[in-house]
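The values are calculated or read from the model by the stated rules, or taken from the named source; none is laboratory data. What you see is a predicted model; the values in this text were computed from it and never measured. No Cβ is skipped: glycine too gets one built from the backbone with ideal geometry, and neighbour counts run over all protein chains shown. We work out accessible area using only protein heavy atoms, side chains counted, and drop any ligands, DNA or RNA first. Shrake-Rupley method; radii C 1.70, N 1.55, O 1.52, S 1.80 Å.
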Amino acid sequence: MNPGLYQLYACLADGRLHSGATLSEGLGISRAAVWKRVQALRAIGLEIPATAGGGYRLERPIELLDADDIRSQASAAELVVDTVGAVDSTNARLAAAGGRHGHALLAEAQTAGRGRRGRGWLSPPGSGLYLSLAWHFESGLAGLAPLSLVVGLTAAETLQQASSAPITVKWPNDLLAHDRKLGGCLAEMSGAAEGPCRAIVGIGINLFPTPAMGGLDQAWTTLADHGEPVGRNRLAARLLDALAQSLARFDRDGFDSFLARWPAVDALSDRAVRIIHANASETTGTACGIDGQGRLVLESAGQRRAIASGEVSVRVR
Ligand code: BTN
């Protein structure tokens with residue numbers, strides 16, 4: 001979202017009706033230019049229905065992201081918070097900016113949001129939270145395999161405070177409410193196997209439904225479906241604080257210190273599942289929690305085996 005587009009987006013965020021003439025005067029551009037910018041906002045997924053009188057009004061007001069507000073509501077000392085209009089991906093942008101320890105980036109929209117296993121993440125403006133945090137670890141890449149579980153567990157526990165429905169994690173990284181996808185986590189690591197290393201952890205959360213979600217190929221839900229919506233800045237501050245605490249603890253005490261909290265959020269516990277491997281072969285069994293390395297424990301034909309998250313996907317049978 002270039003500055004001009006963001007200006008219009010910010011004007012419309014109040015959800016009131018704005019005539020083309022008022023917008024043109026307020027922004028110092030022609031009415032044709034206003035119309036062009038409206039089209040550009042629609043193209044990145046903002047719902048601006050046509051009105052009978054020719055003005056513009058959002059279906060639903062948007063609480064704009066505000067870096068100072070988020071920072072002032074968060075207490076973790078390491079955090080440096082930035083917000084932007086539209087970016088390709090907050091994970092990619094944070095990495096490109098150097099990924100300084102504690103640097104957080106949130107976007108109103110992503111044009112190429114990244115999901116796990118090369119998938120995309122639908123990120124229309126104002127209807128979700130798209131957040132990334134860079135963190136440096138002393139522990140080395142070798143021990144970071146369970147990182148996405150730490151992020152998922154932390155996000156689920158934080159979202160639970162704002163939801164009447166139980167929030168669970170479908171191993172390894174899906175955030176669910178009533179078995180429908182509410183969000184997802186993506187941890188991207190770089191560095192040495194044993195030395196200090198860096199991760200960019202990203203969380204995407206569906207806050208409000210948008211028509212674009214109708215095209216998703218899995219059952220989805222939004223936080224607004226499960227209680228009074230909490231402000232985006234407040235939720236972002238809570239998530240960043242909780243993440244900073246969990247990531248510091250993970251580096252200091254390891255994954256064992258999180259294991260006892262997993263059963264309360266485990267979406268797969270004791271369920272019959274199908275594991276689809278990268279080569280399309282399948283393994284079926286009953287999910288029996290996770291082990292100390294964050295692997296899924298699967299029981300089939302009386303045998304237990306541990307499955308690493310790598311390139312597998314999991315379906316409940
Ligand atoms: C998944 O469920 O596959 C993971 C989705 C992670 C999406 C978030 S949105 C913020 C951050 N930036 C990205 O490009 N992806 C993550």
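Worth a mention:
- Where GluC sites (Glu not before Pro) fall in DSSP loop in segment 18-70, at most 15 other Cβ within 10 Å: Glu59
- Along the axis of the charge dipole computed for segment 3-56 (Cβ charges of +1 for Lys and Arg, -1 for Asp and Glu, origin at the Cα centre), the listed residues Gly55, Trp35, Gln7 are led at the positive end by Trp35.
- The mean sequence distance of close C-alpha pairs (under 8 Å, at least 6 residues apart), as a share of the length of the chain, puts its relative contact order at 14 percent.
- As a fraction of the 1.4 Å probe accessible area of segment 148-199, surface on carbon and sulfur atoms comes out at 52 percent.
- Residues of the chain: accessible area per residue with a 1.4 Å probe, Å²: 44
- Three-way shape label, segment 46-123, alpha-carbon gyration tensor, a/c 1.5: oblate
- Summing Cβ point charges (Lys, Arg +1; Asp, Glu -1) relative to the Cα centre of segment 89-226 gives a dipole of roughly 260 debye.
- Dipole check for the chain: with +1 at the C-beta of Lys and Arg, -1 at the C-beta of Asp and Glu, and the Cα centre as origin, the magnitude is about 700 Debye.
- The chain: C-alpha gyration tensor shape, a/c 1.5 cut-off, then a/b vs b/c: prolate
- If R0 is 25 Å, the Cβ-Cβ spacing of Lys36 and Arg60 corresponds to a FRET efficiency of close to 0.60.
- Each Cα pair under 8 Å and six or more residues apart adds its separation to the average, and for segment 181-317 the resulting relative contact order is 14 percent.
- Lys, Arg +1 and Asp, Glu -1 on Cβ, resulting dipole of segment 3-56 about Cα centre, debye, nearest 20: 140
- Approximate spin-label separation Ala96-Arg271, in nm, with each point projected 7 Å along Cα-to-Cβ: 3.7
- The chain: most fluctuating residue of Asn279, Asn173, Asn233 per GNM, C-alpha cutoff 10 Å: Asn279
- Estimated [θ] at 222 nm from DSSP helical runs (n ≥ 4, -39500 (n - 2.57)) normalised by residues in the chain, nearest 500: -8000 deg cm²/dmol
- The chain: DSSP helices with Cα axial extent of at least 24 Å and average Kyte-Doolittle hydropathy no lower than 0.0: none
- Contact order, relative form, for segment 3-56: 41 percent (alpha carbon pairs under 8 Å, 6 or more residues apart, mean separation divided by residue count).
- Probe 1.4 Å - accessible area at Asp82, Å² to nearest ten: 70
- Whole-percent carbon and sulfur share, accessible surface of segment 239-302, 1.4 Å: 45
- In the assembled protein chains, Arg42 presents an accessible area of approximately 80 Å² (probe radius 1.4 Å).
- Ordering Trp121, Ala242, Ala77 by the projection of their Cα atoms onto the charge dipole of segment 67-263, which places +1 on the Cβ of Lys and Arg and -1 on the Cβ of Asp and Glu, puts Trp121 at the extreme positive end.
- Ordered by 1.4 Å accessible area with all protein chains kept, His178, His103 run largest first as His178, His103.
- Probe 1.4 Å - accessible area at Tyr6, Å² to nearest ten: 70
- Between the alpha-carbon centres of segment 104-164 and segment 1-68 there is a gap of 28 Å.
- Database remark: amide H of Ile44 closer than 5 angstrom to no amide H (H placed geometrically; neighbours at sequence offset of 5 or more, or on other chains; Pro and chain starts carry no H).
- Shape of segment 268-316, Cα gyration tensor, a/c cut at 1.5: oblate
- Placing unit charges on each Cβ (+1 for Lys and Arg, -1 for Asp and Glu) gives segment 189-243 a dipole about its Cα centre, and among Gly195, Pro209, Trp220 the Cα reaching farthest toward its positive end belongs to Gly195.
- Where labels lie 7 Å past Cα in the beta-carbon direction, separation of Ser190 and Cys11 in nm: 3.9
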